[in-house]
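Only one structure is covered here, and it is reproduced in the block below.
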Amino acid sequence: MPIDDLVLHFDPPAFSLDEARQVLETHFGVSGELKALAGEREQNVRVETPAGELFVLKIAGRELDRGRLDFESQLLAHLNWVAPDLGVPRVIKSKTGDLFVDHRFAEGAEHPLRLLTYLEGRPLGSSEPLETSVFFEMGRLQGSICRALAGFFHPAARSPIPWDSSSDRLFDQALFALLDEETEDALARHLKRLQEDSLPALQRSRAQVIHNDLHTGNVLLDHAGAVSGVIDFGDSLHGPLLQDLAVSVSGLAELRHGEAADAITALVRGFETAFPLLPEERALLLDAAILRSLLSVELCRIKADGYPEVSRHGHVLEDARQGLFALLALQEQRAKARPARIEKRSTPLIERRRQAMSPTYKLFYDEPLEIVRGTGSLLYDAAGREYLDCYNNVPSVGHAHPRVVQALSQQAALLNTHTRYLHDEVVTYCERLAATFPAELDMCLLVCTGSEANDLAYSIARHVTGREGAAVWERCYHGNSGRTDELSLYDKDEASRAPHIAGLPIPDLYRGPGSGADYVTSGCKALEALADSPHGLAMLLVDSIFDCAGIYTAPDGYLAALFDRVRQLGGLVVADEVQSGLCRLGDHTWGFQDSGVVPDIVTLGKPMGGGHPLGAVVAKRWVLEAFAAKKHYFNTFGGNPVSAAVGNAVLDVVQEEEILANVHRVGGYLSEGLLALRNAYPVIGDVRGKGFFVGVELVAGQGDSTPTPDATRWVLNDMRRRGVLVATTGLHSNVIKIRPPLVFSHANADRLLETFEASLKGWAAKVGG
Ligand code: PMP
């Protein structure tokens, strides 16, 4: 449809106030003082009832598409239902319960009528001077409206309207014939890019129902100058999300011309607090706004040409042209600034990292990866290549889970403080977290990392028992703080460990000399020796999956026997669930539950925040009461409302997506597949662990269990080349560690098994086996 056909019918009806009074009474049972308001396509009449309520009666042209009217009315009803505080008009139903009614006026034609609540306030665009913070608030409100509309659709949302800056019509010959010389000159350098790259990119970008007319004339300020509401949903449509922001950016350029840059930055920042943009959307925004300004210039020209007697159109056209020039200038400024940045970026990232970051940080793989995006169990590198993530446990419910992202951004846009104020989200999280544990473990302390949780647990144990000694397992890891480093024996021989730390042997039934019962005996011996020493036994700390040591599960009865012995010796038992917790082992929510034991204290970290730093100590009430009597504890970031909102979202997903059942089912399938590979490939000495925490130990094979770190490293890198990411662990780095996000599917497991087999074959071919 040519754009002129879409645009030129915009004469609003002009009935008398008496006629308006009559239809108000007939269809809505509303009466009051009436006042005519301006309107572009509809006749608007303000009504003030004797009770002081304010409405606006909207009488549309008889030809107005009833589908679009229904769309707009349903949209307002939806917004008022899902986000009643946003400040958008409410639709008042007619006496017949309809959102709009057709009325036959005396002159014979039927016109649709609607009654909306009238929002008081003055348009932001006609209020000067304005603080930049007002534009931030405008952006935040706009982002909130977009978020509230994300789940809404109506068939008429796709019907064509003139104000659609991502439509192909924008580059119609007919439209371009309207460009004048000055506009054409300014555009010339940009036209090819806009037409060939930017418009198609905008058309491909995320789409949903949007307001599509959120310029500063449609945003209201209250008497204190704060952003209070948004009006005029008459141009709403289903289109690119970015188009909504592009309208506002273009509107700011029309308002402020060459002085718009700060206002635009504030607007976008505000928008992103409510609705984060994708990197590609951010890069496209200025061009999307230019496309909108181009459309504004042309539609305003059509109006000015068609109605030369209305001088307002001339002003609007001039503002639109100035806005377009301002955006083109801004785009050119950015383009000029770009070479400097490119120069800096031409240094390889790995080199810049070496210069800027301590050598203590290590990279995975011979060819390190630059991962820029993730979703579920999939990761994408900077070149757009997809990888299957079989390693990361921190994004427990999958990378960038929308539920978690939404909880985080929503709470971050509202408030983030600490535990010195009451906050429902934080208390709720502690209640819900404690409810996932056996009944005795019923109180929480919130922290940010696993190290903090273990450090705190050790402090609790020391204060409660009055002793210093801690028993841990050999080769395990518990954190990076001074105290937890002492507890981590993975890198310490006898000589380098602290005197108050005792090491228990790992219950290694593959390589080690003993049975489960032998390991109970040797463990008890170590506990008793520490209890008898001047340090005494404050606690035993256990990672139920013995991750860093090479991934082992506790033999039957093993932990129960050791826990009993610790309690006889007056110590506390602490379970470090940083690795084994939150359904990872597939039978219970927490790893220690596999052994039928109940610790006195449990420490949590990595998976709890689905990618966000969140840890906790959950303990028996008497333990935390005894600790509080002796020691004050405060953690600036631990227990902040944003982290709590994230923690709650993760627990929601765990429940709703039946994560435990998934780990049980797919984990069992995965282990069966790996055991089948062990039977076929002698290089696999052992398959251990359970659920989504599996270790595959590679050895010389044919009865020879000599560790083969070279083979392991080769297989690891070969799998990476094939697009599947695993890591290694264990004393000799010869255990392939498989620990995927908890949403890992059957299909993911098949891809992992097939790739693993291909790499094992590759290794066999390489060494001639
Ligand atoms: N405990 C265990 C068992 C761990 O594996 C780790 C981290 N690898 C920690 C504690 C420490 O957690 P964080 O790195 O979050 O401090």
Practice prompt. Please work out whether segment 565-688 counts as rounded, prolate or oblate from its C-alpha gyration tensor, where a ≥ b ≥ c are the square roots of the eigenvalues and a/c under 1.5 means rounded, while otherwise a/b larger than b/c means prolate and anything else oblate?
Written response: oblate
Worksheet item: How far, in degrees from 0 to 90, does helix 261-274 lean away from the longest principal axis of the Cα atoms of the chain, to the nearest 10?
Response: 60
Worksheet, complete the sentence: Listed by chain and number, the lysines with an alpha carbon less than 28 angstrom from that of residue 620, same-chain partners under 8 positions apart left out, are 525, 606, 630, 631, 690
Response to the item:
Debye calc, one equal point scatterer per Cα of segment 361-402, no solvent, log10 I(q)/I(0) at q = 0.14, 0.27, 0.31, 0.32 1/Å comes to -0.32, -1.03, -1.17, -1.19
Discussion item. Taking a ≥ b ≥ c as the square roots of the Cα gyration tensor eigenvalues, with a/c under 1.5 meaning rounded and otherwise prolate when a/b beats b/c, else oblate, which class fits segment 648-763?
Written reply: prolate
Discussion item. Could you compute Rg(Cα) / (2.2 N^0.38 Å) for segment 58-127, with N its residue count?
Written reply: 1.27
Fill in: Nearby lysines by direct alpha-carbon distance to residue 766 (threshold 30 angstrom, same-chain neighbours under 8 apart not counted)
362, 737
Worksheet item: Amide H to amide H, which residues 5 or more places from residue 576 or on other chains are under 5 Å from it, using H placed in the peptide plane?
Response: 542, 543, 544, 603
Worksheet entry | Integer Hz, Karplus 6.51/-1.76/1.60 couplings in order for segment 758-765, x for Gly and Pro | 4, 6, 4, 4, x, 5, 4, 5
Practice prompt. Considering Cα pairs under 8 angstrom that are at least six residues apart, work out the relative contact order of the chain and quote it in whole percent.
Written response: 10
Worksheet item: Debye sum, Cα scatterers, segment 660-707, no solvent: what log₁₀ I/I(0) at q = 0.25, 0.27 1/Å?
Response: -0.83, -0.91
Worksheet item: ³J(HN,Hα) across segment 298-305 via Karplus (A = 6.51, B = -1.76, C = 1.60, θ = phi - 60°), whole Hz, x for Gly/Pro?
Response: 6, 5, 5, 5, 4, 5, 5, 5
Worksheet item: If 739, 385, 462, 713 are ordered by their accessible area, calculated over protein heavy atoms with a 1.4 Å probe, which sequence runs from highest to lowest?
Response: 713, 385, 462, 739
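Report the far tail of the P(r) of segment 353-445, meaning the percent of Cα-Cα pairs longer than 24 Å.
Working: 2131 of 4278 pairs.
Roughly 50 percent, rounded to a whole number.
Would you calculate the convex hull of the Cα atoms in segment 499-565 and tell me its volume per residue in Å³?
Details: hull volume 5.9 nm³, N = 67.
Looking at segment 499-565, the number lands at 89 Å³ per residue.
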Practice prompt. Kindly provide log₁₀ I(q)/I(0) values, in the same order as q = 0.13, 0.14, 0.17 Å⁻¹, from the Debye equation applied to equal alpha-carbon scatterers of segment 6-101.
Written response: -0.49, -0.57, -0.85
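Per residue, what volume in Å³ does the Cα convex hull of segment 183-340 take up?
Details: hull volume 21.9 nm³, N = 158.
In segment 183-340, the Cα hull volume divided by residue count equals 138 Å³.
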Practice prompt. Round to the nearest 10 and give me the degree value, 0 to 90, for the angle of helix 181-193's Cα axis relative to the longest principal axis of the chain.
Written response: 30
Worksheet item: Could you work out the helix-only [θ] at 222 nm for the chain, with each DSSP H run of four or more residues adding -39,500 (n - 2.57) and the total divided by the number of residues, to the nearest 500 deg cm²/dmol?
Response: -13500 deg cm²/dmol
Practice prompt. Kindly state, as a whole number, the per residue volume in cubic angstrom of the convex hull around the alpha carbon atoms of the chain.
Written response: 204
Fill in: Centre separation in Å (Cα based) which lies between segment 636-671 and segment 543-606
19
Worksheet item: Going from the alpha-carbon gyration tensor of segment 80-164, what semi-axes, largest first and in whole Å, does one get by taking the root of 5 times each eigenvalue?
Response: 31, 18, 15
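Could you work out the relative contact order of segment 403-503? I mean the mean sequence separation of Cα pairs under 8 Å and 6+ apart, divided by the number of residues, in percent. Show your work: numbers first, answer last.
Details: 74 pairs, mean separation 18.9, N = 101.
Dividing the mean separation by the residue count of segment 403-503 yields 19 percent.
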Discussion item. Taking a ≥ b ≥ c as the square roots of the Cα gyration tensor eigenvalues, with a/c under 1.5 meaning rounded and otherwise prolate when a/b beats b/c, else oblate, which class fits segment 383-437?
Written reply: oblate
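Please work out the FRET efficiency for the pair residue 661 and residue 443, using the Cβ-Cβ distance as r and a Förster radius of 22 Å; give the result to the nearest 0.05.
Result of the calculation: an efficiency of 0.15.
The values are calculated or read from the model by the stated rules, or taken from the named source; none is laboratory data. Computed from a prediction, not measured in an experiment: that's the story for all the values here. Here Cβ is always computed from backbone atoms with ideal geometry, including for glycine, and neighbour counts include all displayed protein chains. SASA here: full protein model, heavy atoms, side chains in, ligands and nucleic acids out. Shrake-Rupley method; radii C 1.70, N 1.55, O 1.52, S 1.80 Å.
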